[in-house]
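K.L.:
My questions will all concern the structure given below.
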Amino acid sequence: MSLTVLERITRVLRTRLELLLNQSTYNTNVCEVIRPVRLDDYTPKNLQIVLTKGVDEVIDELSYPGNPPSVAHKVTFNIRCHVMTDEQDCDPIDYVVDMFAADVQRVVVGTDSTWHTFGNLAVHSEFGNYEPIAAEGGIDGVNVPVLITFRHSEGNPYEVRA
């Protein structure tokens with residue numbers, strides 16, 4: 001089964017985030033990385049990442065003419081970092097959330113200077129403004145948006161275009 005360019009980018013992003021599972025390289029040891037399905041009723045957990053796709057907009061200025069033309073998209077991926085610390089934890093919640101967000105950004109970028117291409121599937125990537133998640137007695141955390149620009153052939157979202 002073929003995968004669309006967007007799905008291939010999503011899988012690369014998830015694979016990078018999964019590097020935070022059971023490791024000792026980063027400060028945050030994530031319990032799971034999930035992409036919710038339609039009928040999924042997941043339970044929020046401490047140090048959980050929920051990856052979802054947000055806004056997908058066509059960027060006419062970055063699309064190219066040709067035969068076939070290429071269509072540029074900018075997609076926002078929301079990396080929701082959930083924190084539910086123990087009541088006995090002495091660390092301020094902001095400290096834990098900030099470290100979690102920093103580790104997410106660090107693992108997405110990695111050590112590759114071409115991280116923003118997601119394996120030559122994208123033309124540009126950048127992080128958006130962090131969005132705090134705050135709930136009285138519930139989940140705290142942060143959403144770390146990643147905006148990824150990619151191109152595919154018009155009429156064929158499976159074909160990567162540079």
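K.L.:
I'm checking my understanding of the structure. Among residues of segment 1-32 that are hydrophobic (A, V, I, L, M, F, W, C) and assigned to a helix (DSSP H, G or I), which one is nearest to the chain's Cα centre (by Cα)?
P.N.:
L13
K.L.:
Of everything in segment 103-122 that's under 15 Å from the mean Cα position of the chain (by Cα) and among the polar types (S, T, N, Q), which residue is surrounded by the fewest Cβ atoms within 10 Å (Cβ to Cβ)?
P.N.:
Checking each candidate, the answer is Q105.
K.L.:
With the condition being at negative phi and in contact (Cβ under 8 Å) with a residue 60 or more places away in the chain, I'd like the strands (runs of 3 or more DSSP E) fully within segment 76-162 carrying at least 2 qualifying residues.
P.N.:
The strands (runs of 3 or more DSSP E) meeting that bar are 140-153, 156-161.
K.L.:
Condition (residue is modelled with pLDDT of 95 or more and touching a Pro at 6+ places or on another chain (Cβ under 8 Å)) applied to segment 25-39: is it met by at least one residue?
P.N.:
Within segment 25-39, not a single residue is modelled with pLDDT of 95 or more and touching a Pro at 6+ places or on another chain (Cβ under 8 Å).
K.L.:
Moving to a separate point now. Kindly indicate whether V96 is among the β-branched types (V, I, T) and surrounded by 16 or more Cβ atoms within 10 Å (Cβ to Cβ).
P.N.:
yes
K.L.:
Tell me yes or no: at least one residue of segment 33-42 is more than 13 Å from the chain's Cα centre (by Cα) and either buried (at least 19 other Cβ atoms within 10 Å of the Cβ) or assigned to a strand (DSSP E or B) (or both).
P.N.:
Checked segment 33-42: no residue is more than 13 Å from the chain's Cα centre (by Cα) and either buried (at least 19 other Cβ atoms within 10 Å of the Cβ) or assigned to a strand (DSSP E or B) (or both).
K.L.:
Inspect segment 88-103 for any residue being at pLDDT below 95 and farther than 21 Å from C31 by Cα and give the result as yes or no.
P.N.:
Among the residues of segment 88-103, not one is at pLDDT below 95 and farther than 21 Å from C31 by Cα, which makes the answer no.
K.L.:
Report yes if some residue within segment 48-71 is hydroxyl-bearing (S, T, Y), under 19 Å from L147 (Cβ atoms) and not in a strand (DSSP E or B); otherwise report no.
P.N.:
yes
K.L.:
If we scan segment 40-50, do we find a residue that is in contact with a Ser or Thr (Cβ under 8 Å, 6 or more places away or on another chain) and among the acidic types (D, E)?
P.N.:
The answer is no; no qualifying residue exists.
The values are calculated or read from the model by the stated rules, or taken from the named source; none is laboratory data. This is a predicted model, so every value here is computed, not measured. A quick note on method: Cβ atoms are made from the backbone with ideal geometry, for glycine too, and the neighbour counts reach across all protein chains shown.
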